[in-house]
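The values are calculated or read from the model by the stated rules, or taken from the named source; none is laboratory data. As the structure is a computational prediction, the values presented were derived from the model and not from experiment. So basically every Cβ, Gly included, is an ideal-geometry build from the backbone, and we count neighbours across all protein chains shown. Accessible surface areas use protein heavy atoms only, side chains included; no ligands, DNA or RNA. Shrake-Rupley method; radii C 1.70, N 1.55, O 1.52, S 1.80 Å.
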Amino acid sequence: MGSYDDYKRRVLEISRRLSADGYFGSKSGSAGNVSMLVEGENAVLITPTRLQYDVMTVEDICVVDFDLARIEGERKPSIETPMHVATYKVRADVSAVIHTHQTYASALSVLNEPIPPLFDEVTLAIGNMIDVVPYALSGTRELHDHVARKLANRCHCYILQNHGTLCIGTDLDKTFTFVELLEKSAHIYMQALATGKPVTVLPEKTVAQLHAAVIARQDREIARKEERRIARMKTSRAPEPSH
Ligand code: 13P
């Protein structure tokens, strides 16, 4: 038993669901990757590289620190580990990252086509835009640099040009929902574009209001994490009670 087994189980469970639902592009392959951050530790749990999800076990999930040094696990972590870690460094509100090869969002990735704000419940969940991160080869520094720059828009879903997607959130369950909302939006947007008719988007004022709510939610999460960090520091510095 390792010290991160409960977290590893969560990563494995979500990875298997994503795979079974076809979000990795095939139901039997090893594409895509999933990670979560252990709050207060800078420890990242991440799926191993090139291992099918249907044979993956709890022991296969890797644990690395922010310098990509191995904390636990025998397997080699995903080649996209630097992209996941860069995301946690840049976006303090984020504690879960999912990279998929889902079909409709991937279709937009080869059209280099961002998804505008189409529905209010989607915009309130994932922000005002699903933007495209410029292409760079999988696993390269160039790719994670492109991603890190794009994360400044404070949204929760991104299309990786000619590759797939990146969804980020406060935990794995919410991030799984963002994956679903992204696929729904991409599917509908593709169908709508295919008619050749103009696509209507949400009014600008509504989009601004909804995006402000997304940013306020992220700021509350950042403040919550900071409060807990300070509380942990105080506890670790507290003197031993004298008898
Ligand atoms: P890994 O198997 O190393 O996680 O890579 C899969 C992938 O999707 C690369 O972008």
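When GLU72 is tested against (1) more than 17 Å from the chain's Cα centre (by Cα); (2) within 18 Å of GLN102 (Cα to Cα), only condition (2) is not met.
Within region 5-29, the residues that satisfy the criterion of being touching a residue at least 60 places away in the same chain (Cβ under 8 Å), within 16 Å of the chain's Cα centre (by Cα), farther than 16 Å from ARG75 by Cα and within 16 Å of the ligand (Cβ to nearest atom) are ILE14, LEU18, TYR23, PHE24. Scanning region 122-138 for residues that are touching a residue at least 40 places away in the same chain (Cβ under 8 Å), out of contact with any Pro (no Cβ under 6 Å at 6 or more places or on another chain) and open to solvent by 30 Å² or more (accessible area, probe 1.4 Å), we see that the one that is farthest from GLU204 (Cα to Cα) is SER138. Each residue in region 9-29 was checked for being open to solvent by 50 Å² or more (accessible area, probe 1.4 Å) and part of a helix (DSSP H, G or I), and 6 of them qualify.
Yes/no matrix, rows are residues, columns are (1) in contact (Cβ under 8 Å) with a residue 60 or more places away in the chain; (2) open to solvent by less than 30 Å² (accessible area, probe 1.4 Å); (3) within 16 Å of the ligand (Cβ to nearest atom):
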site: SER3; (1), (2), (3): yes, no, no
site: ALA31; (1), (2), (3): yes, no, yes
site: ARG50; (1), (2), (3): no, no, yes
site: MET56; (1), (2), (3): no, yes, yes
site: MET83; (1), (2), (3): yes, yes, yes
site: ALA86; (1), (2), (3): yes, yes, yes
site: THR100; (1), (2), (3): yes, yes, yes
site: PRO117; (1), (2), (3): yes, yes, no
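Of the residues making up region 206-221, those that are within 14 Å of LEU124 (Cβ to Cβ) and not hydrophobic (A, V, I, L, M, F, W, C) are THR206, GLN209, HIS211, ARG217, GLN218.
Taking (1) in a helix (DSSP H, G or I); (2) more than 22 Å from ARG232 (Cβ to Cβ) in turn, ASP6 satisfies each apart from (2). Name the single residue, out of those in region 132-154 being of a type in the set (Val, Ile, Thr) and within 15 Å of the chain's Cα centre (by Cα), that is farthest from the ligand (Cβ to nearest atom). Going through the qualifying residues, I end up with VAL132. Of all residues in region 33-48, how many are more than 16 Å from the ligand (Cβ to nearest atom) and open to solvent by 20 Å² or more (accessible area, probe 1.4 Å)? Number of matching residues: 5. Residues of region 158-175 that are surrounded by fewer than 22 Cβ atoms within 10 Å (Cβ to Cβ) and more than 16 Å from the ligand (Cβ to nearest atom): THR170, ASP171, ASP173, LYS174. Among residues that are part of a loop (DSSP other than H, G, I, E, B) and over 19 Å from the mean Cα position of the chain (by Cα), LYS197 is included.
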